[in-house]
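Structure, as C-alpha cells:
No lab work stands behind these numbers, since they all come straight from the coordinates. Values in this document were obtained by computation on a predicted structure and should not be read as measured data. So basically every Cβ, Gly included, is an ideal-geometry build from the backbone, and we count neighbours across all protein chains shown.
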Amino acid sequence: MQVSWWSLEGLFPAMLCIVAAGLVLAAMGRLAASRPGLLLVLFFFFFAFAWRLLSVLYIDVWGPVYSEQLDRQIGPGLGTLPLAASQGLVIAALFLSFRSERLRALSDGFVIRLSGLLRSGNWNLADLAFRVVGLFVLLLWAELLVGGHIPLFAKLERFDYTRLYGGPLHQRLLEWGPMLAFQLGVLMSLPALHRRPLDKRFGALFAALILYLFVVGHRFSSFYLYLSFLIIPIGAVLLGRQSAGQTSLPKLLRSFLLPALGFILLIGLALVYSYAVVRSGEVEALGTKLVQRVLVQQGEMWWMTYERVFLHNAWDSGLAVFKLFVAPFDPSRNSTMQFLMELGLPLERAQFILQQGSAYTGGWPEVLFELGGPVEGFCLVAISAMLFSEFMFLLTRCLVEERYVTCFFLTPIFYAVSTFLVSGMVNSFIQFTFMVKLAVVAFVYVLEDRWRRSVIADTTSNSGERVVCDQKEPAV
C-alpha cells in the first residue's frame, strides 16, 4: 500500500493531523491525571473519542484506504482537524465544569450525607436491591437454559439469537442493560462514600450479567458499554476523595489492574470464538476484517461528512432536519445514522442494512455539521459540549451527595445524553416521553432537595449544634 504522505506535498497535512490528534489525546491524559476519578466517569466517552480520532487519523495519513462497508476508497485529507477541534471543545468544557473549586465543594468537608443522619430502619435499600436484581439475573439464566438454544454452543450470532429465540427478559436486558449496570455501580459504591469497602455483592451480579452476554454471543461493544456505565458511580466517589488528596492516577490504575486484565481476557476469548468458530468462513480474511473493524469503520462515516461538508460544501440543513426529526427511515431507532447511511450509500443498500437491524459507527459530531454546515456546526458542537459537561457534573454531584432518588430518575436522561455524544442520536430529545422524563427529574430533584434540607434542619435543631460545616453550593 502506498502511503500518501511520503512526499513533501503530503507530509505537511499529515503532520498537521498527527499534531492535532496528539494534542487532543494529551488533553485527555491531562484531565485524567489531574482528576483520576473523572477518568472513570468519562471512560465511555474518552475511549470512543480516542478510537474514532485514531481511525480518522489513519484514513487521513495512510489513505486512500478501502472501506468495506462503504465499498469505496476514502482518504487522504484533513478530516482529523475538525474532529479534533470538536473533541477539544468537549474537553475544554469538562475542564471548566470540573474545575478545582467545584470539586472541592464535593469533598467530605462540604457535603452533608443523609445516611449519616437518618436512623436505621427495619429494611436496607442495598439488601432489597440485591434480592430484586439477583432474582432477575437468576430468571434471565433460567430463560436461556430452558429455551434450549445457547449461542455459545450452537454457533449462533447474537442478532440471530435475539431475533429467533430471545425471551422477554433477554429483550429487557438489551433495552435497559446499561442503565441496570449504572444502578449496580451506584449500589456497589455506596459504602465507599463512608470509607468502607465496595459492596462486592453487586460486583458479582454484574459479573453474572457479563458472563450471560458472553454466552449469548456478545463481544467487545456490549462489554465496553456495560463496564463503562458500572464504573461511573465509582469515579464519582473517587472525585470526592480526590478533593482531599487521597487518589492518584497510578494508584487508581493499580487498583483496577486485575479486574481489567480479566475483562480483557474475556473480550479476547469472545472475539476469537466469534471469528474462529461462529464465523469460521472468515478466518482467512481475519487480518483484513480486524483492520476494517479497528482502523476504518470507526472513522469512515466522519470522513464522509468531512468530505461532503468541508470539501464539497454539499450540506443541506432542511433535508437533515426532515430526515432526522420528521420522516426518518425508522423513527424508533437512531435517525442520525440512518440519515448518514442514506447519504453515504446507495439508498436501497442502506435501507436493506437498516432493515436487518444493523447500523454503522459514528454520528457525533457528524449530525451537528450536517445540520449547521462547516461554521455553524462548530457553534452546535460548543453548545452540546457545555450542556454535556454540566449534565455530567450534575450527575456526579447527585451521586456524591447521595441524592439517590434523583440519580435513579436521571439514569434514562443520562443514557440519552451518552447515546447522543457517541452516536449522535438526536431524535430521542424531541420525543414526548423524553419531555416527561425531564419534568419528572426536575420535580424529583426539587422534592428531594427540600426533604434533605428539612432533615438537616431537624437534626441540627434537635442536637443543638451544627452537624457539619455549612453545606456550600458548588462554585459557578
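Measuring how big the stretch 353-468 is from its alpha-carbon positions, Rg and Dmax come out at 19.4, 68 Å. For the stretch 147-222, the mean projected area of the C-alpha convex hull, equal to one quarter of the hull surface, is 5.6 nm². Excluding Ala93 itself, calculate the net charge of residues whose Cβ lies under 15 Å from the Cβ of Ala93, where each Lys or Arg counts +1 and each Asp or Glu counts -1. With Lys, Arg at +1 and Asp, Glu at -1, the neighbours total +3.
Binning the alpha carbon pair distances of the stretch 307-361 at 5 angstrom intervals from zero yields the distribution 4, 19, 30, 24, 16, 6, 1, expressed in whole percent.
Determine the shape class of the stretch 19-149: with a ≥ b ≥ c the square roots of the Cα gyration tensor eigenvalues, call it rounded for a/c under 1.5, and otherwise prolate if a/b is greater than b/c, oblate otherwise.
Oblate shape, in that a/c is at least 1.5 and b/c is the bigger or equal ratio.
Taking the charge dipole of the stretch 383-454 about its Cα centre, with +1 at Lys and Arg Cβ atoms and -1 at Asp and Glu Cβ atoms, the residue from Leu395, Ile383, Thr419 reaching farthest to the positive side is Leu395. Using the Cα centre as the reference, give the magnitude of the dipole from point charges on the C-beta atoms of the stretch 140-236 (Lys, Arg: +1; Asp, Glu: -1; all else neutral), rounded to the nearest 20 debye. With Lys and Arg at +1 and Asp and Glu at -1, about 280 debye.
Please list 17-25, 233-241, 33-41 highest first by mean number of surrounding beta-carbon atoms within 10 Å per residue.
Per-residue mean Cβ counts within 10 Å order the peptides as 233-241, 33-41, 17-25.
Just to confirm a number: summing +1 for Lys and Arg and -1 for Asp and Glu over residues other than Leu368 whose beta-carbon lies under 15 angstrom from that of Leu368, what do you get?
Around Leu368, the charge tally is -1.
Using the Cβ of His170 as centre and a radius below 15 Å, the other residues enclosed give a net charge of -1, where K and R count +1 and D and E count -1.
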